[in-house]
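Everything below concerns the one structure shown next.
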Amino acid sequence: MLKSRPLKALIFAVCLAPAAWLGWRIWRMDLTANPLEFITHFTGDWTIRFLVITLAVTPFRKLLRLPDLIRFRRMFGLFAFFYACLHFATYLWLDKLFDVPEMVKDIGKRPFITAGFAALVCIAPLAATSTAGWIRRLGGRRWRLLHRLVYVSAAAGVAHYYWLVKSDIRLPALYGLLVALMLALRLVPGVRGSAAPRKPAAGSAYCGSPASTGSERGLS
Ligand code: HEM
């Protein structure tokens, strides 16, 4: 069931729905009294949600005995990157009006911006190397090592969120707990999973379960 193409298309549409909804609100000029804050918060929220969802795939596929869940991990990771790009573009365009020196000053001066930028910098190479070709080029071991950066990105994202909230830290604390839990689960034998095959199979770039082909891997 998890292997069906319509399901994958449906999940893709669900992942895209927040962006479509934001587009609709922009079209209708229905962005609250502070559009910049609304768009920044909306895209930031979806970035961290998708990062956590991406991290949850490996433990969940093991705990629920649903190995085919791996098919969706790359998609979730790429959506995390997509929302991070929208979030960053909002900041650079609507907040900084493309004033790059001012942005660089901000990154150096404001710890929450430094952390957000670090989170983006960590996730970008993962999105770039999420394809089958890149797993082959880097080799499974190096690719897996590189893709552990997703934890660094999620941790930096949580720090970013924690530093920017003024008083109510419940949500950043919840995301922090979830990221720590996903990391802890990876250390549990039987729950941890490999992100890329350990050695190439004959006639293919990958080995591992037939369900987890290279094009379905990525970002953790
Ligand atoms: C993976 C990377 C990132 C994640 C996960 C992330 C996540 C978030 C979250 C969850 C929020 C708060 C949303 C809310 O309060 O509802 C936020 C706000 C914000 N983020 Fe990010 N962010 C990331 C990268 C960045 C980058 C690269 C920048 C700019 C360089 C940035 C700038 C901001 C700003 C300006 C705010 C609003 C702060 C305020 O309310 O005063 N973020 N982000």
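Taking other Cβ within 10 Å of each residue's Cβ, how do TYR175, TYR151 sort, fewest first?
TYR151, TYR175
Run lengths n ≥ 4 of DSSP H only: what is the helix-derived mean residue ellipticity at 222 nm for the chain, with -39500 (n - 2.57) per run over all residues, to the nearest 500?
Value at 222 nm, helices only, nearest 500: -22000 deg cm²/dmol.
Arranged from highest to lowest average of other beta-carbon atoms within 10 Å per residue, in what order do the peptides 81-88, 60-67 appear?
Descending packing order for the listed peptides: 81-88, 60-67.
Over all distinct Cα pairs, what is the inverse of the mean 1/r for the chain, reported as the Kirkwood hydrodynamic radius in Å?
For the chain, the Kirkwood estimate is 18.4 Å.
If the chain between LEU146 and TRP21 were fully stretched, how many nm would it gain, using 0.36 nm times the residue separation less the Cα-Cα distance?
41.7 nm
What's the FRET efficiency of LEU92 with VAL188 using the Cβ-Cβ distance as r and R₀ = 41 Å, to the nearest 0.05?
0.55
Express in nm, to one decimal, how much length is gained between THR131 and ARG110 on full extension, taking 0.36 nm for each residue of separation and deducting their alpha carbon distance.
4.1 nm
Relative to the longest principal axis of the chain, what angle (0 to 90°, nearest 10) does the C-alpha long axis of helix 5-27 take?
For 5-27 against the chain, the angle is about 10 degrees.
For every other residue with a beta carbon closer than 15 angstrom to the beta carbon of TRP93, add +1 if it is Lys or Arg and -1 if Asp or Glu, then tell me the sum.
-4
Could you compute the net charge surrounding GLU37? Neighbours are other residues with a C-beta less than 15 Å from the C-beta of GLU37; K and R count +1, D and E count -1.
Charge balance in the 15 Å sphere: 0.
What length, rounded to one decimal in nm, is gained on full extension from PHE60 through to ASP99, with 0.36 nm per residue of separation minus their alpha-carbon distance?
Extra length from PHE60 to ASP99 when fully extended: 9.8 nm.
Given 25 °C and 0.890 mPa s, compute D for the range 1-121 with the Stokes-Einstein relation, Rh being the Kirkwood radius over Cα pairs; round to the nearest whole µm²/s.
153
So if I take the centroid of the Cα atoms in the range 50-89 and the same for the range 136-151, what is the distance between those two points in Å?
16
Net charge near SER4: determine it from the other residues with C-beta under 11 Å of the C-beta of SER4, scoring Lys and Arg +1 and Asp and Glu -1.
Around SER4, the charge tally is +3.
Each value in this text was obtained by applying a stated rule to the coordinates, not by laboratory testing. Please read these numbers as outputs of a predicted model, since none were measured by experiment. Positions of Cβ are generated from backbone atoms using ideal geometry, with glycine treated the same way; all protein chains shown enter the neighbour counts.
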